[in-house]
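S.K.: The structure under discussion is supplied below as structure tokens; questions concerning it will follow.
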Amino acid sequence: MKAKTLKAGERIGPRQQHHWDWRAASNFIAGGAGGGLLAFAALASLAGIDVRALLLGGMALIGAGLTCVWFEIGKPWRALNVYRHLATSWMTREAAVAPLVFGCGALALLTGHSLFVLLTGVFGAAFVYAQARILSADKGIPAWRHPRCRPMLVATGFAEGAALVAVASPFVMTSAAGQLGVAAVTLGLLLVRVLAWRSYLAGLRADGAPEGSLRALAAVDGPFLKFGNLLAAALLLLAALGAPLAGLALIPAGLLAVGGGWLVKYTLVRRAAFTQGFALPHLPVRGRGPAGAAVKPGWGGAN
Amino acid sequence: MTRYVMAIDLRRCVGCQTCTAACKNANATPPGVQWRRVLDIESGEFPDVRRSFVPISCMHCDEPPCEEVCPTTATKKRADGLVTIDYDTCIGCANCVMACPYEARSIVHEAKFAYGDTPIKSEAVRFDAARISVSMKCTFCVDRIDEAARTGQVPGRDPDVTPACVNSCISGAMSFGDLDDPTSNVSRLLAETQSFRMHEELGTGPGVYYIWDKG
Ligand code: SF4
Ligand code: SF4
């Protein structure tokens with residue numbers, strides 16, 4: 001008789017998490033892009049560009065993400081409790097950065113003072129970082145806690161921020177040199193993002209991860225690379241050729257780059273978020289027999 | 001110091017789920033939520049096939065990642081090792097659910113009972129509206145443990161102050177007690193046998209030990 005491998009029963013291997021739905025994902029999608037936008041708007045302001053519209057856009061994105069989270073939590077009227085655990089919780093720290101973003105952003109809009117613009121950018125960057133730390137602290141989801149997930153999330157947040165500046169640049173900056181600068185910075189960040197993404201995928205495969213996570217991430221690998229990065233990069237290069245192509249190419253290039261980042265973050269939070277599952281390093285000895293081999297159902301990669 | 005832990009002898013567990021039922025009765029967990037469940041694992045290749053039963057619950061970790069990520073301090077570790085949730089502080093953000101590598105936590109958003117909209121008697125007695133839309137999990141029957149301080153009884157030795165699942169186990173597979181007391185049942189048992197903790201490599205220091213062979 002042919003040997004038959006028996007599968008572990010239900011609910012033993014990793015399972016897709018269902019507690020954080022599209023609302024939680026939206027916070028990482030919009031908040032990360034918004035924080036990145038604030039950071040790059042602040043940088044653009046150093047070149048003497050009026051970035052008030054960009055600041056407004058960044059704050060709106062962060063605000064939209066946080067509103068989605070507010071609808072997701074079970075007891076929204078207790079939301080202020082979120083400020084209680086600054087000592088270790090990155091969710092508290094993210095929440096603590098938000099009023100600084102909005103406060104400084106409002107002052108920047110009202111006064112136009114460069115200090116407030118720069119501070120808003122710094123807090124926007126801090127927001128991106130805090131979000132990445134929220135996911136990496138969640139030990140129950142192996143695809144999030146992997147050490148290469150955090151740099152990948154930060155890289156895409158900043159790439160999306162620069163890409164949004166690219167989208168806006170035909171409207172907020174007239175100089176060809178400025179637009180060329182934006183295209184070059186975005187291009188550089190896309191490269192960093194692709195490297196971080198590939199390194200993350202390779203790390204997950206090498207270190208082992210739930211098969212469901214590997215499958216979900218592999219499914220977006222192609223579209224993300226082709227459309228979110230390669231096509232976007234090609235359009236940015238086209239923009240580098242200068243006017244009149246610059247303005248025409250920067251907008252779709254930026255949108256594609258942002259869309260790619262959003263696809264990856266949505267996948268990460270919703271589709272690739274599989275739990276640890278259960279594993280036994282030793283099966284129990286029954287009677288006089290020896291112990292059985294270790295079991296770890298539902299895991300792929302090297303582990 | 002005191003460190004309450006559970007030792008579960010996998011050689012003895014027969015997968016009868018009595019502990020699951022005892023927990024449901026003691027804590028009136030809603031349908032679909034089990035603070036204690038028993039995994040039924042079939043593994044191997046014919047003809048060398050194994051079936052193992054593994055009771056799981058909150059592990060009351062030494063370094064609970066659920067506590068670290070909780071933004072509200074609703075989740076806390078007590079000095080005796082028990083990890084608790086303050087239902088009045090929790091906002092139901094589910095960050096702890098994501099942080100727990102043992103799938104120990106649940107959140108339900110509406111009151112549900114075993115047989116429709118009305119609770120049966122035991123559910124009515126123990127129903128706690130404060131648990132709706134917040135995080136919940138096995139407490140190691142913390143109310144019983146706390147009772148011990150008042151009555152002078154010893155958790156793990158006296159049934160009144162011992163978790164319901166441990167009391168109920170028909171094969172005596174479960175023990176509970178103070179790991180820091182060398183004379184406790186668990187300490188002696190763990191000294192005499194070989195045990196492991198689930199996902200030890202994650203550094204959470206679970207407070208549930210699985211005995212798989214003798215020492
Ligand atoms: S098992 Fe999960 S819920 Fe329980 S203490 Fe550990 S991390 Fe927290
Ligand atoms: S659901 Fe409650 S206990 Fe869990 S992390 Fe959020 S506030 Fe803390």
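Here, each number is a calculation from the coordinates, and none is a lab measurement. Since the model is a prediction, treat every value here as computed from it, not as a measurement. When we count neighbours, we look across all protein chains shown, and the Cβ atoms used for this are built from the backbone with ideal geometry, even at glycine.
S.K.: Among the residues in the range A:277-295, are any farther than 30 Å from B:ARG12 by Cβ and not aromatic (Phe, Trp, Tyr)?
M.R.: Kept after step one, since they are farther than 30 Å from B:ARG12 by Cβ, are these residues of the range A:277-295: none.
Within the range A:277-295, none of the residues are farther than 30 Å from B:ARG12 by Cβ and not aromatic (Phe, Trp, Tyr).
S.K.: A follow-up question, please. Scan the range A:250-303 residue by residue and report those that are among the aliphatic types (A, V, I, L, M), surrounded by fewer than 20 Cβ atoms within 10 Å (Cβ to Cβ) and more than 8 Å from chain B (Cβ to nearest Cβ).
M.R.: A:ILE251, A:LEU255, A:LEU263, A:ALA294, A:ALA302
S.K.: Residue check: is B:VAL125 more than 15 Å from ligand 1 (Cβ to nearest atom), buried (at least 23 other Cβ atoms within 10 Å of the Cβ) and in a helix (DSSP H, G or I)? Steps first, please.
M.R.: On the way: more than 15 Å from ligand 1 (Cβ to nearest atom): yes; buried (at least 23 other Cβ atoms within 10 Å of the Cβ): no; in a helix (DSSP H, G or I): yes.
Taking the combined requirement at face value, the residue does not satisfy it.
S.K.: Just wondering, is there one or more residues in the range B:110-117 that are within 30 Å of A:ARG271 (Cβ to Cβ), in contact (Cβ under 8 Å) with a residue 24 or more places away in the chain and within 16 Å of ligand 1 (Cβ to nearest atom)?
M.R.: Start the filter on the range B:110-117 by keeping residues that are within 30 Å of A:ARG271 (Cβ to Cβ), which leaves B:110, B:112.
From what's left, in contact (Cβ under 8 Å) with a residue 24 or more places away in the chain: B:112.
Retained after the next criterion (residues that are within 16 Å of ligand 1 (Cβ to nearest atom)): none.
So far as the range B:110-117 goes, no, none of its residues is within 30 Å of A:ARG271 (Cβ to Cβ), in contact (Cβ under 8 Å) with a residue 24 or more places away in the chain and within 16 Å of ligand 1 (Cβ to nearest atom).
S.K.: In the range B:70-112, which residue that is outside any loop (DSSP other than H, G, I, E, B) and near ligand 2 (Cβ under 6 Å from one of its atoms) is nearest to the other protein chains (Cβ to nearest Cβ)? Quick ask: steps written out before the conclusion?
M.R.: Quick first cut of the range B:70-112, residues outside any loop (DSSP other than H, G, I, E, B) only: B:75-77, B:83-85, B:95-99, B:106-107.
Now drop any that are not near ligand 2 (Cβ under 6 Å from one of its atoms), which leaves B:75, B:85, B:95-96.
On the way: B:THR75: 9, B:ILE85: 12, B:ASN95: 5, B:CYS96: 9 Å.
Taking the candidates together, the pick is B:ASN95.
S.K.: Collect the residues in the range A:250-272 that are assigned to a helix (DSSP H, G or I) and closer than 25 Å to A:ARG15 by Cα, keeping them in residue-number order.
M.R.: A:GLY261, A:TRP262, A:LEU263, A:VAL264, A:LYS265, A:TYR266, A:THR267, A:LEU268, A:VAL269, A:ARG270, A:ARG271
S.K.: If I filter the range A:155-177 for residues that are within 23 Å of A:PHE274 (Cβ to Cβ) and surrounded by fewer than 20 Cβ atoms within 10 Å (Cβ to Cβ), do I get at least one hit?
M.R.: Within the range A:155-177, none of the residues are within 23 Å of A:PHE274 (Cβ to Cβ) and surrounded by fewer than 20 Cβ atoms within 10 Å (Cβ to Cβ).
S.K.: Only helices (runs of 4 or more DSSP H) wholly contained in the range A:71-158 count here; list those with 2 or more residues that are more than 16 Å from ligand 1 (Cβ to nearest atom).
M.R.: The qualifying helices (runs of 4 or more DSSP H) are A:90-111, A:114-137.
S.K.: Additional query: Looking at the range B:57-84, which of its residues are surrounded by fewer than 22 Cβ atoms within 10 Å (Cβ to Cβ), within 13 Å of ligand 1 (Cβ to nearest atom) and among the β-branched types (Val, Ile, Thr)?
M.R.: Hit for the range B:57-84 is B:THR84, nothing else.
S.K.: Given (1) under 16 Å from B:PRO30 (Cβ atoms); (2) within 16 Å of ligand 1 (Cβ to nearest atom); (3) touching a residue at least 40 places away in the same chain (Cβ under 8 Å), identify the lone condition not met by B:VAL97.
M.R.: Here B:VAL97 meets the rest and fails (3).
S.K.: Let me ask another. Only residues that are closer than 24 Å to A:LEU55 by Cβ and within 14 Å of chain B (Cβ to nearest Cβ): list them for the range A:91-112, please. If you could, list the steps in order and put the result at the bottom.
M.R.: Here is the first cut: in the range A:91-112, the ones closer than 24 Å to A:LEU55 by Cβ are A:93-112.
If the condition is that a residue be closer than 24 Å to A:LEU55 by Cβ and within 14 Å of chain B (Cβ to nearest Cβ), then A:ARG93, A:GLU94, A:ALA95, A:ALA96, A:VAL97, A:ALA98 are the ones that fit.
S.K.: Hey, can you tell me all the residues within the range B:33-56 that are away from ligand 1 (no atom under 14 Å from the Cβ), more than 10 Å from chain A (Cβ to nearest Cβ) and of a type in the set (D, E, K, R)?
M.R.: Of everything in the range B:33-56, nothing turns out to be away from ligand 1 (no atom under 14 Å from the Cβ), more than 10 Å from chain A (Cβ to nearest Cβ) and of a type in the set (D, E, K, R).
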